[in-house]
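So the structure is just underneath, and the comments pick up after that.
The values are calculated or read from the model by the stated rules, or taken from the named source; none is laboratory data. Computed from a prediction, not measured in an experiment: that's the story for all the values here. A quick note on method: Cβ atoms are made from the backbone with ideal geometry, for glycine too, and the neighbour counts reach across all protein chains shown. These accessible areas exclude ligands, DNA and RNA; they are computed on the full protein's heavy atoms, side chains included. Shrake-Rupley method; radii C 1.70, N 1.55, O 1.52, S 1.80 Å.
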Amino acid sequence: MLTSPALIAGGVRHAFFTRAGGVSDGIYASLNCGAGSRDRPENVAENKRRAAAGFGLGPEALATLYQVHSGDAIVVADPAALAAARPQADGMATDRPGVMLGILTADCAPVLFADPVNAVVGAAHAGWRGALSGVVERTVQAMESLGADRASISASVGPCIVQESYQVGGEFPLPFLAAEKANQRFFKADAEEGKFRFDLQGYVLDRLRKSGIRQAAAVVRDTYAEEAHFFSYRRTCHRGEEDYGRGLSAICLTG
């Protein structure tokens, strides 16, 4: 488990899990927590159980979303009710101790939030579409609806694909530049003509800071390059593999 100094506070537990410590094998080895993968369901369930146990919780405490690369965020009170309803969203917040908010990623940026003063936590799945659509801001708003104060919120972006590994096409920057010309700084020309390299982590950090999050940090690890530690959708595509695992990032209030 990796942690961020920005989120270390009394009453809050968090982790950016690596792919180690689970029971899955092959391309899913080993802590694959993605129910949307074609891994054996019993393996995914056991991996989730192990992750929850790392927080001193049972698997029923883990709340995950039907992630769709949106800008939507919701409030979570009951993980069981969430699992039954399966709402499509990419951010969530809770003020309930013992509810473990879990985000699944494989190159996209997981973002964890904590307001230890007002006892509210949040989590977001920030791929480029979700980040551009406002998932960071809506997660903060969901936290505020529970009594959080953004002046008290700290946040950390977890391991994701870094700029050197993230080649994009010539049309890719256009919606970012249409939103704000200054977003040009998150793109640099690639060695291949007409291509760019995109700084997803830097862009998400910028959205956090513009949202009024004073303490916004990042765990700088490359999910694409560090195969022993992280799952990667892009690495899977480049290799022509049939599927990929998903890594878990989680946060909860301890009491």
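Suppose we filter ALA189, ALA151, ALA182, ALA216 for residues that are among the small types (Gly, Ala, Ser) and buried (at least 21 other Cβ atoms within 10 Å of the Cβ); which single one remains?
Numbers: ALA189 fails: buried (at least 21 other Cβ atoms within 10 Å of the Cβ); ALA151 fails: buried (at least 21 other Cβ atoms within 10 Å of the Cβ); ALA182 fails: buried (at least 21 other Cβ atoms within 10 Å of the Cβ).
ALA216 is the lone residue from the list that is among the small types (Gly, Ala, Ser) and buried (at least 21 other Cβ atoms within 10 Å of the Cβ).
Taking the options THR254, THR223, name whichever one is of a type in the set (Val, Ile, Thr) and under 14 Å from the mean Cα position of the chain (by Cα). Talk me through it step by step, then tell me what you get.
On the way: THR254 fails: under 14 Å from the mean Cα position of the chain (by Cα).
Result of the check over THR254, THR223: THR223.
Looking at segment 192-207, I want the residues that are within 14 Å of PRO159 (Cβ to Cβ) and modelled with pLDDT of 95 or more and have a partner that is open to solvent by less than 50 Å² (accessible area, probe 1.4 Å) and of a type in the set (Ser, Thr, Tyr) with Cβ atoms under 8 Å, at least 6 apart or on another chain. Which pairs are those?
The qualifying pairs are LEU200/TYR166.
Take segment 100-130 and flag every residue that is open to solvent by 10 Å² or more (accessible area, probe 1.4 Å) and under 19 Å from PRO59 (Cβ atoms).
Passing the criteria: only LEU104.
Among the candidates ALA45, ALA51, ALA84, which residue alone is assigned to a helix (DSSP H, G or I), surrounded by fewer than 19 Cβ atoms within 10 Å (Cβ to Cβ) and in contact (Cβ under 8 Å) with a residue 12 or more places away in the chain? Walk me through how you get there before you give the answer.
On the way: ALA51 fails: surrounded by fewer than 19 Cβ atoms within 10 Å (Cβ to Cβ); ALA84 fails: in contact (Cβ under 8 Å) with a residue 12 or more places away in the chain.
Exactly one of ALA45, ALA51, ALA84 is assigned to a helix (DSSP H, G or I), surrounded by fewer than 19 Cβ atoms within 10 Å (Cβ to Cβ) and in contact (Cβ under 8 Å) with a residue 12 or more places away in the chain, namely ALA45.
List the residue pairs whose Cβ atoms are under 6 Å apart, where the first residue sits in segment 137-148 and is in contact (Cβ under 8 Å) with a residue 40 or more places away in the chain, the second is surrounded by fewer than 24 Cβ atoms within 10 Å (Cβ to Cβ), and the two are 6 or more positions apart or on different chains.
From residues that are in contact (Cβ under 8 Å) with a residue 40 or more places away in the chain, the pairs are GLU137/SER211; ARG138/GLY71; VAL140/ARG150; VAL140/SER211; ALA142/VAL75; LEU146/ASP95; GLY147/ASN118; ALA148/ASN118.
Taking segment 202-255 as the region of interest, how many residues are of a type in the set (S, T, N, Q) and assigned to a strand (DSSP E or B)? I'd like the intermediate steps shown before the answer.
Residues of segment 202-255 of a type in the set (S, T, N, Q): 211, 215, 223, 232, 236, 249, 254.
Filter again for assigned to a strand (DSSP E or B), leaving 215, 249.
Matching residues across segment 202-255 total 2.
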